[in-house]
1. What distance in nm separates the simple spin-label points at N280 and V326, each placed 7 Å from Cα in the Cβ direction?
2. From the phi of every residue in the range 99-114, what ³J(HN,Hα) in whole Hz does the Karplus formula 6.51 cos²θ - 1.76 cosθ + 1.60 yield, where θ is phi - 60° and glycine or proline is x?
3. Of all beta bridges DSSP finds with both residues in the chain, what is the antiparallel percent, to the nearest 5?
4. From zero outward in steps of 5 Å, how is the percent of C-alpha pairs of the range 127-214 spread across the bins?
5. Using helices alone, I'd like the mean residue ellipticity at 222 nm for the chain: each DSSP H run of four-plus residues gives -39500 (n - 2.57), total over residue count, nearest 500.
6. Rounding to the nearest 20 debye, state how big the charge dipole of the chain is about its Cα centre with +1 on each Lys and Arg Cβ and -1 on each Asp and Glu Cβ.
7. How about the range 8-101: which GluC sites (Glu not before Pro) there are in a DSSP loop, with at most 16 other Cβ atoms within 10 Å of their Cβ?
8. Rounded to the nearest 0.05, what FRET efficiency do E310 and T268 have when you use their Cβ-Cβ distance and R0 = 22 Å?
Amino acid sequence: MTVTDTSAAAVTEDLWLIDCDSHFTEPPDLWSSRASSAEQDQVPAMRTEDGITCWYLNGRPLTNVGGNTFKRGKGKQLGLLTVQPFSDVDEACYEVGPRLAVMDTMGVEAQILFPNAMGFASNTMFAISNIDQRSLVQRIYNDYLVDLQHDSGNRLFPQAVLPVWDMAQTVKEMERLRDKGITGFTLSDKPHTVGLPGLDSDYFAPMWALGDEMGAVFNFHIGSGLPSGKDDPVMDKIIRTGNPVTMPNPDLYWDSLGPQRRLAVLATQFYMSNARIIVNLCMSNIFDRYPNVKINSAESGIGWVPFILEAMEYQLDEMVTDREEVTFAQKRPTEYFRDHIFVTFWFEKSGPERLIDVIGANNVVVETDIPHPTCMVGDARAKITAAVAGLSPQAQRRVLRDNAIELFDLPVPSR
């Protein structure tokens, strides 16, 4: 694209967004339509009891239907986590045609999609004790994602869930999905919560090595490190109610707060939860070993990133003095961040207006988070482009779409 008028309006007027974090809700027939007749009792089934819809497996609730705030015919509903029952959820949450129509009204050309009901990585699947059954559920889910991308005419790009409980199977699945056009993978930032070693362990080395060969994107979505809740009556209640704040949790919110305020407290803390994975990645030598790997930090926001970058640099100099530690990694934390990590924003104003130059215009992408409670609706393009109006035309294009196109190797024009 050749820009002759350098005004913000001229740059963004016809520039459609690449949305790097939204969610596509699992439709009622996802597994039943793809499983054989002999497998029907081995896959999740959607069921509504007392007006509450959940996914059930092996006689107990596996997961709720995810965050769906679009009510059929009535738009986004404020003050709730999900519309219930599922029959009231708008089709744009789980059908391709209606979703594309919503994207058109928002000024969004393509979306990077994450799971909804199934959590944001593979942790929910660890609630399935039988490994063969778990692998069946996971494989069918990824088959659905391939169909979804194809049916959207390459406007929807789901990020696949990996069977990390079996590393040989994980490598095979990455190869299979690469051949089918999947653009990236989503991981839990806390595999220890489901009994696995750390991401820097030898166990995960084959995954990272293949990802390096592929130049793959690994996505860490906030909230992806939650435990699976296997055989947990407390988790059963949370699943049935569809509300994670029905139970007291003094680590996160005060008991005196009402359920809506608890959700707001939880959401605010979740935005910054990816600081842990970003700091560990940048303080390690993992990018020395896997220099072609890219990381997308989804739904984490950007306002806190400059402080984290400064803090890593300061603490490295203040605390790392032993020669073995000093020479452990080849580059500084900020260098690793600049070369490998991308962060997302949507509702923020101060971060995009004042901090992108500090973070790096090459490291920032945008999102809408639809159809979750904190999602942006309406003319998202106008709202997001207004926040970056002070950037140069080149930086605007990078943030609004070019970074995403290059990161995920999307078959869409850079315009």
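Bear in mind that the values in this text are calculations on the coordinates, not laboratory data. Here the structure is a predicted model, which is why all the values come from computation and not from measurement. Backbone-built Cβ (ideal geometry, glycine too); neighbour counts: all protein chains shown.
1. 2.8 nm
2. Ordered by residue, 3J(HN,Hα) equals 5, 4, 5, 5, 4, 4, 6, 8, x, 10, 7, 8, 10, 8, 9, 10 Hz.
3. On the way: 12 of 37 bridges.
Beta bridges within the chain, antiparallel portion: roughly 30 percent.
4. In whole percents, the pair-distance histogram is 3, 13, 24, 24, 20, 11, 4, 1.
5. On the way: 17 runs with 150 residues, N = 415.
Mean residue ellipticity at 222 nm (helix-derived): -10000 deg cm²/dmol.
6. Details: 36 positive and 55 negative charges, 145 e Å.
In total the dipole reaches around 700 debye.
7. Numbers: sites: E13, E39, E49, E91, E95; in loops: E13, E95.
Sites meeting the loop and neighbour criteria: E13, E95.
8. Numbers: r = 22 Å, r/R0 = 0.99.
Here the calculated transfer efficiency is 0.50.
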